[in-house]
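Colleague: Starting off with a structure, shown below.
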Protein chains: 2
Amino acid sequence: MTGSRQKPTIYDIAKLSGASPSTVSAALNGTWKARRIGEKTAKKIQKIATQQGYSANLQARGLRKARSGLVGMILPVHDNRFFSSMSQSFEAHARDRGLCPVIASTLRDPQEEIRTVETLISYAVDSLFITGATNPDALSEICIAANVPHIYIDLPGKLAPSVVSDNHLGAELLSRKILQTMPKLDDPLRGRAYFIGGDTDDYASARRVEAFRKTVTHESGDISGDQIIACGYAPGQATREVKALCDRLGGLPAGLFVNSLTAFEGALSYFVTLPPQAFDDCVIGCYDYDPFGAFLQFPVHMVRQNSDKLIARAYEYFDAGTTKADLIMVEPDLIPPRTIYKGRFAELG
Amino acid sequence: MTGSRQKPTIYDIAKLSGASPSTVSAALNGTWKARRIGEKTAKKIQKIATQQGYSANLQARGLRKARSGLVGMILPVHDNRFFSSMSQSFEAHARDRGLCPVIASTLRDPQEEIRTVETLISYAVDSLFITGATNPDALSEICIAANVPHIYIDLPGKLAPSVVSDNHLGAELLSRKILQTMPKLDDPLRGRAYFIGGDTDDYASARRVEAFRKTVTHESGDISGDQIIACGYAPGQATREVKALCDRLGGLPAGLFVNSLTAFEGALSYFVTLPPQAFDDCVIGCYDYDPFGAFLQFPVHMVRQNSDKLIARAYEYFDAGTTKADLIMVEPDLIPPRTIYKGRFAELG
DNA sequence: ATGAAAGCGCTAACAA
DNA sequence: TTGTTAGCGCTTTCAT
């Protein structure tokens, strides 16, 4: 069994090459030119290292240099289109910078968020990306105490820079699209646009409601309180509310702004009970994107939060080395019905 | 600026408490009972540590103990329902064991897979979960050389234990369901079941085709080669092939076994061009699950690979400390049409 | 152009 | 019951 041999260290390579450990170290970590090691020495050492299957112990290096080469990200769940595409981007950008990404989900549990941030800090992550935190400021305090640069994605923190999707703009685009393309109906109540789903305590939803309000008021002169049904994100609740709305109106409204994929799923489970022609005089929009939206029996406008752009901006912020707490806005994309979006990683299944 | 202070070490705590570093170490890492440290000493130290905001430097611990407390997983992409739910399970199980999960995607690039495995090994991961590898054996060699326990998920490796979804069983269940519920049509060609999508070079698909073959032969006495259209996973290709098939048959076949979500997406982009009644005499099944399948205008049976079970079995294997290279089979679930599956993390958006 | 040696923060013998 | 000490593998002055 040769398989159980230990991994070689710089001391092993030093012995084999006749050079000292520090020379080996320099030869192998790229600093040899700066350290004025002879080219032939360096090459020789590198050759031996390769032969021996040497690779640096990154824990040891991290310990010595007090930076690990790890970048951390915390998010609520992996199992979600938005967050998983963030992971994908986060990772790609980390690789571009020679860093090793560590992504952890916290299940929207404040305790878990704190524990996770502490764990990542214990592994000496060089910086931390935080998304979907329930209590940003508590996390910032921990990071600040540990001297770890951090940035919030999609949800602003007061104590650190943040990159957020421009919810107001996205909702405005979607609202306007709905209002401008929806049919004129005789029934005044059915002829209006309705906003469904989400929680106005939530930063993102509050901004979207605000934009919906503004746009509807702008286009139709006024808006009534019952046009906004912020019934939370749970699919079941959305199902009930959409059904109640349609029962009240005697049919689908002319316009429907659905404020999240989960609410959309809920609405859909009511929609499948409807005949196809029920959708003839209704324009539907969904804030959030899922490719399957393209395959429904009725067209639906979707807003796609550009996760890659959010992540890219965050990295750029760190690259720039700026230090003041900024709020960086990223515009979302309005996706026309029946569009199958091809993203950066679209060809991979 | 108190924020820029360094993190306290056991030496700081030692000074403050009057105890020695090793006593502090034991008091703070839980080994103090075994080390026969007095309870009051331990408590005092712990109190001071908390006050000082101490947390262990896990790199240093890892270096000393030669195990990092990290568990690695590599997968092709994050941005995929199956893999992201694997991530979710992988992480939950890691947490249960007090380990820190590091998940890396390799974009189905053999070079990237190797680089990533090497990186994770350099961080001294305690074990490695590998899924969707293009060249398992090469990765095993690296892991074996570095003495890192590893396990393959969903794709068997020859040199290490593997937990795989029982593709044969899943395909058999789905095939049987399709065959037993599909309508009897007068047209003999339309009256058959067809298999579309996937690549027979691929381990999983090969097993599925095998099961489809067997089941069809068993139920209808024989099978013709043109019932199997393994046209790859690309949506575009599936669109073309489904369209060609329907053109040839003069309508949808009585049964259609679609062999992946991506192929299904492709089929759907043809289906949206069809009138709803086109689906009246066609039973559709899809190997792989997406909740949006529940919202289509026609019913579709889906097979859900139970990612949580795959991961759980893999962890159990390590827990058991067994060493021989096993092949562990996990049965997938057949999901009836219009079912919105509620998983372990279903309530989290 | 290269080597010797200290030390990053922690744990684990071994002493006491 | 607790302290002393060596050393995990690496980087980095400081010498030479």
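The values are calculated or read from the model by the stated rules, or taken from the named source; none is laboratory data. Computed from a prediction, not measured in an experiment: that's the story for all the values here. Please note: Cβ atoms are built from the backbone with ideal geometry, for glycine as well, and neighbour counts cover all protein chains shown. Note: accessible area is taken over every heavy atom of the protein model, side chains too, but ligands, DNA and RNA are not part of it. Shrake-Rupley method; radii C 1.70, N 1.55, O 1.52, S 1.80 Å.
Colleague: Which value, in debye to the nearest 20, gives the size of the charge dipole of the stretch A:65-160 about its Cα centre, when Lys and Arg are +1 and Asp and Glu are -1 at the Cβ? Before the final figure, lay out the partial values.
Modeller: Working: 8 positive and 11 negative charges, 58 e Å.
Using only the charged Cβ atoms, the result is roughly 280 debye.
Colleague: Moving on to the next point. Counting only heavy atoms of the protein chains, get the accessible area per residue of the stretch B:167-304 (1.4 Å probe) and round it to a whole Å² value. Don't skip to the end; give the middle numbers.
Modeller: Numbers: 5220 Å² over 138 residues.
I get 38 Å² per residue for this part.
Colleague: Projecting each Cα onto the charge dipole of the protein assembly as shown (Lys/Arg +1, Asp/Glu -1 at the beta carbon, about the Cα centre), which of B:H78, B:C282, B:T200 comes out farthest on the positive side?
Modeller: B:H78
Colleague: Cα to Cα, under 15 Å, and not fewer than 8 places away if on the same chain: which aspartates and glutamates meet these conditions relative to B:K184?
Modeller: The qualifying aspartates and glutamates are B:E219, B:D280, B:D281.
Colleague: Run the quick spin-label model on B:A206 and B:N135: label points 7 Å from Cα toward the beta carbon, then report their separation in nm to one decimal.
Modeller: With each label placed 7 Å out from Cα toward Cβ, I get 1.8 nm.
Colleague: With respect to the cross-link table entries A:K309/B:K158; A:K309/B:K309; A:K65/B:K158; B:K7/B:K44, which display a Cα-Cα separation exceeding 30 Å? It would help to have the intermediate numbers written out before the result.
Modeller: On the way: A:K309/B:K158 41 Å; A:K309/B:K309 34 Å; A:K65/B:K158 39 Å; B:K7/B:K44 19 Å.
Too far apart for the 30 Å limit: A:K309/B:K158; A:K309/B:K309; A:K65/B:K158.
Colleague: Here's a follow-up. Would you kindly compute the Cα radius of gyration of chain B and its largest Cα-Cα separation (Dmax), both in Å?
Modeller: When restricted to Cα atoms, chain B yields Rg and Dmax of 26.4, 91 Å.
Colleague: Sort the protein assembly as shown into rounded, prolate or oblate with this rule: let a ≥ b ≥ c be the square roots of the eigenvalues of the Cα gyration tensor; rounded if a/c is under 1.5, and if a/c is not under 1.5, prolate when a/b is larger than b/c, oblate otherwise. Before the final figure, lay out each step's value.
Modeller: On the way: a/c = 2.21, a/b = 1.38, b/c = 1.60.
Verdict is oblate for the protein assembly as shown.
Colleague: Report, in whole Å, the centroid distance computed from the Cα atoms of the stretch B:59-128 and the stretch A:57-126.
Modeller: 11
Colleague: Let a ≥ b ≥ c be the square roots of the eigenvalues of the Cα gyration tensor of the stretch A:167-304; is it rounded (a/c under 1.5), or, if not, prolate (a/b larger than b/c) or oblate?
Modeller: Numbers: a/c = 1.32, a/b = 1.08, b/c = 1.22.
Since a/c stays below 1.5, the shape of the stretch A:167-304 is classed as rounded.
Colleague: Hey, another quick one. Which of the lysines could a cross-linker bridge to A:K177, judged by Cα under 20 Å and excluding same-chain residues fewer than eight apart?
Modeller: Answer for A:K177, where 20 Å is the Cα cut-off: A:K214, listed by chain and number.
Colleague: Per residue, how much accessible area does the stretch B:1-125 show when a 1.4 Å probe rolls over the protein heavy atoms, in square angstrom? Walk me through the numbers before you get to the answer.
Modeller: Details: 6220 Å² over 125 residues.
That works out to 50 Å² per residue.
Colleague: Also: How big is the dipole moment of the stretch A:1-56 about its Cα centre under a simple scheme where the beta carbon of each Lys and Arg is +1, that of each Asp and Glu is -1, and everything else is neutral? Debye, nearest 20, please.
Modeller: Details: 10 positive and 2 negative charges, 31 e Å.
Value, rounded to 20: 160 debye.
Colleague: Something else about it: Is the shape of the stretch B:196-270 best called rounded, prolate or oblate, per the rule: a/c under 1.5 gives rounded, else a/b larger than b/c gives prolate, else oblate, with a ≥ b ≥ c the square roots of the Cα gyration tensor eigenvalues? Present the calculation step by step, with values, prior to reporting the outcome.
Modeller: Numbers: a/c = 2.21, a/b = 1.19, b/c = 1.86.
Because a/c hits 1.5 or more and a/b fails to exceed b/c, the stretch B:196-270 counts as oblate.
Colleague: Within the accessible area of the stretch B:65-109, what % is carbon and sulfur when the probe is 1.4 Å and the other protein chains stay in place?
Modeller: On the way: 620 of 1320 Å².
Exposed carbon and sulfur together represent 47 percent of the surface.
Colleague: Quick one: label points 7 angstrom along Cα→Cβ at B:L327, distances to the other copies in nm, smallest first?
Modeller: 5.8
Colleague: Roughly how big is the A-B contact, given as buried accessible area in Å² (both sides, 1.4 Å probe, nearest 100)?
Modeller: Numbers: alone 17970 and 17960 Å², together 30220 Å².
When A and B are taken together, about 5700 Å² of accessible area is lost.
Colleague: Which three numbers, in whole Å and largest first, are the semi-axes of the equivalent ellipsoid of the stretch B:65-160 derived from its Cα gyration tensor as √(5λ)?
Modeller: Numbers: eigenvalues 63, 61, 25 Å².
After scaling each eigenvalue by five and taking roots: 18, 17, 11 Å.
Colleague: Hey, another quick one. Given a Förster distance of 25 Å, report the FRET efficiency between B:R115 and A:Q52 from their Cβ-Cβ distance, rounded to the nearest 0.05. Let's see the in-between values first.
Modeller: Working: r = 18 Å, r/R0 = 0.73.
Efficiency, rounded to the nearest 0.05: 0.85.
Colleague: For the stretch B:8-55 and the stretch B:149-206, compute the distance between their C-alpha centroids and round to whole Å.
Modeller: What the calculation gives is 57 Å, centre to centre.
Colleague: Near B:K47, which aspartates and glutamates are there with a Cα under 14 Å away, not counting those fewer than 8 places off in the same chain?
Modeller: Of all the aspartates and glutamates, those that pass the test against B:K47 - Cα under 14 Å, at least 8 places apart if same chain - are B:D12, B:E39.
Colleague: Could you give the size of the charge dipole of chain A about its Cα centre, using +1 on the Cβ of each K and R and -1 on the Cβ of each D and E, expressed in debye and rounded to the nearest 20?
Modeller: On the way: 39 positive and 38 negative charges, 506 e Å.
Dipole about the Cα centre, nearest 20: 2440 debye.
Colleague: A follow-up question, please. Could you tell me the largest-minus-smallest coordinate of the C-alpha atoms of the stretch B:238-334 on each of the three principal axes, in descending order and whole angstroms?
Modeller: Principal extents (largest minus smallest coordinate, Cα): 57, 25, 19 Å.
Colleague: Given the options A:G293, A:G250, A:G170, which has the most mean-square fluctuation in a GNM of chain A, springs set between C-alpha atoms less than 10 angstrom apart?
Modeller: A:G250
Colleague: Mean residue ellipticity at 222 nm from the helices of chain B, using -39,500 (n - 2.57) per DSSP H segment of n ≥ 4 over the full residue count, to the nearest 500 deg cm²/dmol?
Modeller: Numbers: 12 runs with 150 residues, N = 349.
Helix contribution divided over all residues of chain B: -13500 deg cm²/dmol.
Colleague: Using protein chains only (no ligands, no nucleic acids) and a 1.4 Å probe, work out which residues of the stretch B:272-293 have their accessible area cut by at least 40 Å² relative to the chain alone.
Modeller: B:V272, B:F292
Colleague: Same structure, new question: Binning at 10 angstrom from zero up to the longest distance, how are the C-alpha pair distances of the stretch B:155-236 distributed in percent?
Modeller: 17, 45, 27, 8, 2, 0
Colleague: Kindly work out what percent of the DSSP beta bridges joining two residues of the protein assembly as shown are antiparallel, to the nearest 5. Mind showing how you got there, number by number?
Modeller: Values: 8 of 76 bridges.
Roughly 10 percent of the DSSP beta bridges within the protein assembly as shown come out antiparallel.
Colleague: As an exercise, use a Förster radius of 60 Å and the Cβ-Cβ distance of B:K158 and B:D226 to find the FRET efficiency, rounded to the nearest 0.05. It would help to have the intermediate numbers written out before the result.
Modeller: On the way: r = 34 Å, r/R0 = 0.57.
Efficiency for this residue pair is about 0.95.
Colleague: Out of A:S55, A:S105, A:S224, any idea which swings most in a Gaussian network model of chain A, alpha carbons joined below 10 Å?
Modeller: Of A:S55, A:S105, A:S224, the Gaussian network model singles out A:S55 as fluctuating most.
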